[in-house]
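Trainee: Mind having a look at this structure? Questions to follow.
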Amino acid sequence: MGSPDSAVLVEMTGVTKRYAGVTALDRVDFAVRPGEAVCLAGENGSGKSTLIKILSGVEQPSEGAIRIGGEQMRGLNPRRAASAGVMVIFQDFSLFPNLSVAENIAFASELAEHRRFFNRRAARETARKVLDRIGVDIPLDARLEQLPVAHKQLVAICRALACEARLIIMDEPTTALTEREVRRLLGIIRLLKDEGVAVVFVSHKLAEVLEVSEKVVVLRNGRKVAEGPATEFNASSLTRHMTGREVAEASPGPFNGAGETLLTVEKLDKPGAFRNVSFEMRRGEVLGITGLLGSGRTSLAKALFGLVAPASGRITLDGADVPLGDPVAAAHARIGYVPEDRLTEGLFLTQSILRNVAVGRLDSHERRGFLDMTGLVGEAADWLARLKVKTPSIAAPVTSLSGGNQQRVALARWLSRAPKLLILNGPSVGVDVGSKAEIHDIIRDLGAQGLGVIVISDDLPELLATCHRILVMRGGEMVDEIEGGSITEDDLSHKLAS
């Protein structure tokens, strides 16, 4: 294996991991230097999560060697990995929602010092130092559950720094952040690099990955298929390495606007969320609604489906009034809603794929007090096939699927109800690049078939790839309307930030 490189912080050599005959990682070499940012790229199932688990001591490799700071790590476990300076910030941040900012930041370092009692004064001092280190001002006594997502992520970074992290692994760090928050995070990552802290950056947002990383490592089907300086990659080549195929850039295509009016929203108002919102959309149109965090876009999406009750205003679908604040009435009016957080709001995680699709169609398959299971299973299987959901069995739990396939299951549930209007809140959040392109194809196809689709997103490439028209929200109000195909990503970004 050769002599270890003293300038390398972390070195994994020939790492292999097998699970019951399935090879999740196949002889992967991976190295990180102090102060280096490395993009670890790959689709769901490529082996990224397995590599991170092995490096952080959660899993043991079947073969291969790991060195941290030149020391060979045999029997690496999470405590030993943390002591060696390897810290992981997962998508859910793994923080304590009922504790304060200071307590969350200092908890692990206090634990590592084997104190019998928690020292609140020392915890506040520790927290203040690391917050000052990255130039962030967050109230130390604020309960974590009251903070926005971006602040929770900064708390997680500070917790790692309080433990004297030398390598911070960030798993999908920008998934729930607005563009402005992403810019701030990338600035903090650059600051950490200047201080010699290494970062492994895992993200499906390719432009952000390339902007912050010196090196790119691409995994596909458990093998390393590409490695090199970030300057040698662009979004297209990175996508090709990740998927093993060309994923062409797409656009929504022309929409002549001559279709019948499908949805009319008049002077919708919800104090503290949005105000005086009015717009129309036509049958077959894919309409984007975007804005920064706090713009009111998500509250509006929920109001259109009745999950938020506006104080005043009117919604009509096909000329008929839709009762406000009543999701059952919205569903009966043939409005569908796929939420942004599919894990907590969109799926029944303990249930099978079949039940997740079929739950909205039980009444339609009732025969004299009994369910027609043959018809129910057949219809669900048909939708799963039409949306190309990759699953070994529809009886398997929905948690066994990748993020992209879980999203398609949520889509299948609503499409089986034959909606007239489908509201998609963050349709590709946490979805790998190949599945993302396929979901965009589905959205465009739904519009072409005459379905009205509203895409709520701050993913600008997604909006430009799917939407005939884009509405921009700021401070709870509609402030701009843009025809699809008439604006660049940079110009749209400026409109959101101005």
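The values are calculated or read from the model by the stated rules, or taken from the named source; none is laboratory data. Just so it is clear, the structure is predicted and the values come from calculations on it, not from any experiment. Positions of Cβ are backbone-derived with ideal geometry, glycine not excepted, and every protein chain shown enters the neighbour counts.
Trainee: Go through region 292-340 and report how many residues are of a type in the set (D, E, K, R), out of contact with any strand residue (DSSP E or B) (no Cβ under 8 Å at 6 or more places or on another chain) and without any contact (Cβ under 8 Å) to a residue 12 or more places away in the chain.
Mentor: Going through region 292-340 one residue at a time, the tally reaches 0.
Trainee: From the list V286, V322, which residue is at pLDDT 95 or above, surrounded by 14 or more Cβ atoms within 10 Å (Cβ to Cβ) and in contact with a Cys (Cβ under 7 Å, 6 or more places away or on another chain)?
Mentor: Going through V286, V322 in turn, just one is at pLDDT 95 or above, surrounded by 14 or more Cβ atoms within 10 Å (Cβ to Cβ) and in contact with a Cys (Cβ under 7 Å, 6 or more places away or on another chain): V286.
Trainee: Within region 295-312, does at least one residue satisfy the condition of being under 25 Å from D363 (Cβ atoms) and part of a helix (DSSP H, G or I)?
Mentor: yes
Trainee: Next question, about the same structure. Kindly indicate the residue of region 91-135 that is assigned to a loop (DSSP other than H, G, I, E, B), under 24 Å from the mean Cα position of the chain (by Cα) and surrounded by 16 or more Cβ atoms within 10 Å (Cβ to Cβ) and also modelled with the highest pLDDT among those meeting that condition.
Mentor: Filtering first and then ranking leaves L95.
Trainee: For the condition assigned by TED's automatic domain parsing to the domain that holds R408 and more than 30 Å from the chain's Cα centre (by Cα), what is the one hit in D321, D326, D382?
Mentor: D321
Trainee: Among the residues of region 18-62, count how many are in contact with a strand residue (DSSP E or B) (Cβ under 8 Å, 6 or more places away or on another chain), outside any loop (DSSP other than H, G, I, E, B) and either of a type in the set (D, E, K, R) or not assigned by TED's automatic domain parsing to the domain that holds K224 (or both).
Mentor: Residues meeting the conditions: 5.
Trainee: Report yes if D363 is more than 26 Å from G447 (Cα to Cα) and not aliphatic (A, V, I, L, M), otherwise no.
Mentor: yes
Trainee: Residue under question is S83, and the condition is that it be closer than 22 Å to I157 by Cβ, of a type outside the set (A, V, I, L, M) and in contact with a Cys (Cβ under 6 Å, 6 or more places away or on another chain); does it hold?
Mentor: no
Trainee: Still on this structure, I have one more. Using the structure shown, decide if V28 is more than 23 Å from the chain's Cα centre (by Cα) and surrounded by 15 or more Cβ atoms within 10 Å (Cβ to Cβ).
Mentor: Judged against the criteria, V28 is a match.
Trainee: Which of the following residues is of a type in the set (G, A, S), more than 26 Å from the chain's Cα centre (by Cα) and either under 30 Å from R124 (Cα atoms) or modelled with pLDDT of 90 or more (or both): A65, A7, A37, A20?
Mentor: A65
Trainee: Here's another thing I want to ask about it. Determine, yes or no, whether P254 is outside the structural domain of E481 (by TED's automatic domain parsing) and out of contact with any strand residue (DSSP E or B) (no Cβ under 8 Å at 6 or more places or on another chain).
Mentor: Considered against the rule, which asks whether it is outside the structural domain of E481 (by TED's automatic domain parsing) and out of contact with any strand residue (DSSP E or B) (no Cβ under 8 Å at 6 or more places or on another chain), P254 comes out as yes.
Trainee: Does L76 satisfy the criteria of being farther than 30 Å from A235 by Cα and not in a strand (DSSP E or B)?
Mentor: Considered against the rule, which asks whether it is farther than 30 Å from A235 by Cα and not in a strand (DSSP E or B), L76 comes out as yes.
Trainee: Scan region 269-277 and tell me whether some residue there is within 21 Å of T466 (Cα to Cα) and in a loop (DSSP other than H, G, I, E, B).
Mentor: No: zero hits.
Trainee: Find the residue count for region 136-167, including only residues that are over 22 Å from the mean Cα position of the chain (by Cα) and of a type in the set (V, I, T).
Mentor: Adding up the residues that qualify gives 2.
Trainee: Yes or no: L354 in a helix (DSSP H, G or I), surrounded by 14 or more Cβ atoms within 10 Å (Cβ to Cβ) and at pLDDT below 95?
Mentor: So L354 passes the test.
Trainee: If you take the residues of region 468-498 that are assigned to a loop (DSSP other than H, G, I, E, B) and either β-branched (V, I, T) or touching a Pro at 6+ places or on another chain (Cβ under 6 Å) (or both), which of them is nearest to N425 (Cα to Cα)?
Mentor: So, considering only residues that are assigned to a loop (DSSP other than H, G, I, E, B) and either β-branched (V, I, T) or touching a Pro at 6+ places or on another chain (Cβ under 6 Å) (or both), the one nearest to N425 (Cα to Cα) is H468.
Trainee: Given the options G404, G346, G360, G378, name the one that is in contact with a Phe, Trp or Tyr (Cβ under 8 Å, 6 or more places away or on another chain) and either of a type in the set (D, E, K, R) or within 30 Å of A437 (Cβ to Cβ) (or both).
Mentor: So the residue among G404, G346, G360, G378 that is in contact with a Phe, Trp or Tyr (Cβ under 8 Å, 6 or more places away or on another chain) and either of a type in the set (D, E, K, R) or within 30 Å of A437 (Cβ to Cβ) (or both) is G360.
Trainee: Residue check, F370 against (1) over 22 Å from the mean Cα position of the chain (by Cα); (2) within 16 Å of Y337 (Cβ to Cβ), all met but one. Which one?
Mentor: (2)
Trainee: Pairs needed: first member in region 262-287, free of Cβ contacts under 8 Å to residues at least 40 places away in the same chain and assigned by TED's automatic domain parsing to the domain that holds V322; second member anywhere, among the β-branched types (V, I, T) and in a strand (DSSP E or B); C-beta distance under 7 Å; at least 6 residues apart or different chains.
Mentor: E280/T261; E280/T264
Trainee: Counting just the residues of region 179-223 that are among the small types (G, A, S) and under 21 Å from S56 (Cα atoms), which one comes out nearest to the chain's Cα centre (by Cα)?
Mentor: S203
Trainee: Within the bounds of region 426-438, is there any residue that is in contact with a Lys or Arg (Cβ under 7 Å, 6 or more places away or on another chain), within 30 Å of I394 (Cβ to Cβ) and of a type in the set (A, V, I, L, M, F, W, C)?
Mentor: Checked against the condition, which is being in contact with a Lys or Arg (Cβ under 7 Å, 6 or more places away or on another chain), within 30 Å of I394 (Cβ to Cβ) and of a type in the set (A, V, I, L, M, F, W, C), region 426-438 yields no hits at all.
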